[in-house]
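Engineer: One structure, pasted below without further comment.
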Amino acid sequence: MSGGQVKSYSVRTFGCQMNVHDSERISGLLEDAGYVAATDGADADLVVFNTCAIRENADNKLYGNLSHLAPVKSARPGMQIAVGGCLAQKDKDVVLRKAPWVDVVFGTHNIGSLPALLDRARHNEQAQVEILDSLETFPSTLPARRDSAYSGWVSVSVGCNNTCTFCIVPSLRGKEVDRRPGDVLAEVRALVDQGVLEVTLLGQNVNAYGMSFADPDTPRNRGAFAELLRACGDIEGLERVRFTSPHPAEFTDDVIEAMAQTPNICPQLHMPLQSGSDRVLKAMRRSYRKKKFLGILDRVREAMPHAAITTDIIVGFPGETEEDFLETLDVVEKARFSSAFTFQYSARPGTPAATMDDQVPPEVVTERYQRLIALQERICLDENTRLIGSDVELLVVADEGRKNSATGRMTGRARDGRLVHFAAGDRTDIRPGDVVTSTITGAAPHHLVADAGVASVRRTRAGDAHEAGTLPTTAPVGVGLGMPTIGAAPIEPATSGCGTGGCS
Ligand code: SAH
Ligand code: SF4
Ligand code: F3S
């Protein structure tokens with residue numbers, strides 16, 4: 001870094017888990033380049049926005065936030081602002097047109113270029129925009145500053161080869177590129193060696209894992225995801241494995257079997273429904289149908305009776321009729337989701353659905369949305385209430401892990417992913433990252449309560465690390481993509497066509 005004195009940074013993350021993990025890479029890169037994390041609440045010398053473009057309100061949010069920072073920047077000479085992630089990839093130089101005080105705009109394919117772009121912007125006293133069309137460096141080959149001592153994200157793939165007609169992700173994240181299983185497992189092991197107990201495997205469509213390896217020497221393998229889950233089962237010290245997101249069209253029984261037969265795979269599944277109407281699913285280009293979806297849930301529950309299944313649902317897709325919507329409510333009633341992420345359809349530029357006839361009027365969307373939420377809230381409460389009296393193992397979490405002084409409770413996550421507030425009693429030695437057991441005594445739609453007292457407390461290495469304030473570090477794992485790291489500063493794509501190593 002030029003300038004001599006140490007600069008502080010802060011990364012503000014929007015969007016999905018992939019972005020949360022990318023932000024860990026962004027932080028890792030910045031720390032390698034000499035920046036230090038800004039202390040809570042302090043103004044940072046560098047603010048990085050890692051953005052999302054999945055729905056329209058994400059756009060408004062970013063430009064609102066940037067406006068708030070404009071006066072802060074004018075009062076703080078030398079401060080820099082960088083905008084990366086999906087919305088940057090979508091808006092490119094529009095970001096600078098709308099917020100000319102931004103210093104660097106970088107995309108989803110070149111986060112490794114950020115430190116160099118910041119230096120260049122400072123040196124040239126000119127904003128830098130670099131958006132590439134295809135992946136430059138697999139983010140997992142970049143350094144990371146992990147957020148948690150006990151729980152870690154590990155990417156299995158980036159990008160998505162599906163063409164859901166509502167979705168902007170493939171145009172922003174590119175074609176799917178899969179990591180070699182050995183690289184994924186090496187990263188998992190590196191985390192576990194440092195005390196991490198829980199790992200979440202990440203990909204836009206984990207069930208397609210194995211069909212698009214970046215490494216030409218790794219053969220395509222339809223069973224690769226199930227094999228990866230089973231291999232995680234052999235990692236000593238790894239207590240909890242989760243993954244997101246699977247896709248109902250490609251969710252095969254070998255994955256269900258691997259989940260059921262591998263003790264450290266958590267009894268939790270996120271299975272995005274989107275709509276319960278076959279007609280709407282077809283228009284969405286989601287190739288499963290209502291019957292197949294419900295069949296998957298039956299088989300999952302047969303193999304894992306206590307699995308908590310969550311979902312994503314879109315209300316008001318173009319052409320959705322009241323009858324279609326009732327089909328969605330019917331699936332929701334039958335599926336007994338433990339929770340659902342519900343979204344009002346938002347037209348995204350460049351997606352086929354955005355120009356479809358019959359866009360549903362906003363007041364109809366809102367009314368349906370409220371009915372869906374009311375139904376799902378009732379189901380959440382019913383399902384949670386059924387758990388009263390059952391024993392749970394909780395991994396104590398940090399954000400709410402501190403004892404709540406009013407209730408005396410701490411918070412942990414059960415193996416099935418549910419949030420549980422538990423009475424810690426006089427146990428003052430419990431730390432985030434430790435594992436406790438207790439019994440459920442109360443239920444609300446979005447959490448459970450365990451006031452019976454803790455039956456056992458297991459102090460873990462993750463708890464020690466959290467208490468000491470140390471975070472796991474992972475050396476860059478894996479092969480690069482054979483791409484040059486940084487070239488000129490193009491607004492136009494610097495690479496075209498293939499280049500990800502996934503095709504010939
Ligand atoms: N790859 C994941 C989804 C990633 S996007 C999958 O296939 O499940 C996360 C969720 O955002 C989607 O599941 C969908 O429910 C929602 N979403 C995506 N595009 C949307 C849009 N245009 N309007 C409303 N919700 C949308
Ligand atoms: Fe989007 Fe569909 Fe790919 Fe998910 S599977 S990221 S919804 S295109
Ligand atoms: Fe948003 Fe990009 Fe994720 S659009 S949901 S941050 S892949």
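The values are calculated or read from the model by the stated rules, or taken from the named source; none is laboratory data. Predicted model only: the values in this text are computed from it and were never measured. Every residue, glycine among them, receives a Cβ derived from its backbone with ideal geometry; neighbour counts consider all protein chains shown.
Engineer: Hey, could you check the range 170-187 for residues that are away from ligand 2 (no atom under 16 Å from the Cβ) and not in a loop (DSSP other than H, G, I, E, B) and say which is nearest to F213 (Cα to Cα)?
Structural biologist: P181
One line per residue, one yes/no per condition, for (1) modelled with pLDDT of 95 or more; (2) closer than 30 Å to V365 by Cα; (3) within 16 Å of ligand 3 (Cβ to nearest atom):
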| position | (1), (2), (3) |
| --- | --- |
| I265 | yes, no, no |
| P272 | yes, yes, yes |
| R299 | yes, no, no |
| E302 | yes, no, no |
| A307 | yes, no, no |
| F317 | yes, yes, no |
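Engineer: Mind listing just one residue for me: the one in the range 48-81 that is over 21 Å from the mean Cα position of the chain (by Cα) and β-branched (V, I, T) and, of those, nearest to ligand 1 (Cβ to nearest atom)?
Structural biologist: Filtering first and then ranking leaves I81.
Each row is one residue, and each column tells you yes or no for (1) modelled with pLDDT under 95; (2) within 19 Å of V11 (Cα to Cα).
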| position | (1), (2) |
| --- | --- |
| K90 | no, no |
| V95 | no, yes |
| D103 | no, yes |
| L114 | no, yes |
| L117 | no, yes |
| R122 | no, yes |
| Q126 | no, no |
| E130 | no, yes |
| D133 | yes, no |
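Engineer: Can you say whether L118 is surrounded by 24 or more Cβ atoms within 10 Å (Cβ to Cβ), assigned to a helix (DSSP H, G or I) and within 15 Å of ligand 1 (Cβ to nearest atom), as far as the supplied structure shows?
Structural biologist: When the stated conditions are applied, L118 does not pass them.
Engineer: Here is a further query. Would you tally the residues in the range 225-254 being under 20 Å from A307 (Cα atoms), part of a loop (DSSP other than H, G, I, E, B) and in contact (Cβ under 8 Å) with a residue 40 or more places away in the chain?
Structural biologist: Of the residues in that region, 7 qualify.
Engineer: Would the range 40-61 turn up any residue that is within 16 Å of ligand 2 (Cβ to nearest atom) and assigned to a strand (DSSP E or B)?
Structural biologist: Checked against the condition, which is being within 16 Å of ligand 2 (Cβ to nearest atom) and assigned to a strand (DSSP E or B), the range 40-61 yields no hits at all.
Engineer: Is at least one residue of the range 210-224 outside any loop (DSSP other than H, G, I, E, B) and touching a Pro at 6+ places or on another chain (Cβ under 7 Å)?
Structural biologist: For the range 210-224, residues outside any loop (DSSP other than H, G, I, E, B) and touching a Pro at 6+ places or on another chain (Cβ under 7 Å): present.
Engineer: Tell me which residues, restricted to the range 254-270, are under 19 Å from the mean Cα position of the chain (by Cα) and closer than 16 Å to L202 by Cβ.
Structural biologist: I265, C266, Q268, L269, H270, listed by residue number.
Engineer: Could you grab me the full set of residues in the range 306-338 that are in contact with a Phe, Trp or Tyr (Cβ under 9 Å, 6 or more places away or on another chain) and among the aliphatic types (A, V, I, L, M)?
Structural biologist: The answer is A308, I309, I313, I314, V315, V331, A335.
Engineer: Filter the range 166-197 down to the residues that are in contact with an Asp or Glu (Cβ under 8 Å, 6 or more places away or on another chain) and free of Cβ contacts under 8 Å to residues at least 60 places away in the same chain, then identify the one that is farthest from ligand 3 (Cβ to nearest atom).
Structural biologist: The residue in question is V192.
Engineer: While we're on this one: If we keep just the residues of the range 196-253 that are of a type in the set (F, W, Y) and within 16 Å of ligand 2 (Cβ to nearest atom), which is nearest to the chain's Cα centre (by Cα)?
Structural biologist: The extreme case among them is F243.
Engineer: Looking for whichever is within 16 Å of ligand 1 (Cβ to nearest atom), surrounded by 23 or more Cβ atoms within 10 Å (Cβ to Cβ), in a loop (DSSP other than H, G, I, E, B) and in contact (Cβ under 8 Å) with a residue 12 or more places away in the chain here; the options are T163, T108. Which one fits?
Structural biologist: Of the residues listed, the single one that is within 16 Å of ligand 1 (Cβ to nearest atom), surrounded by 23 or more Cβ atoms within 10 Å (Cβ to Cβ), in a loop (DSSP other than H, G, I, E, B) and in contact (Cβ under 8 Å) with a residue 12 or more places away in the chain is T108.
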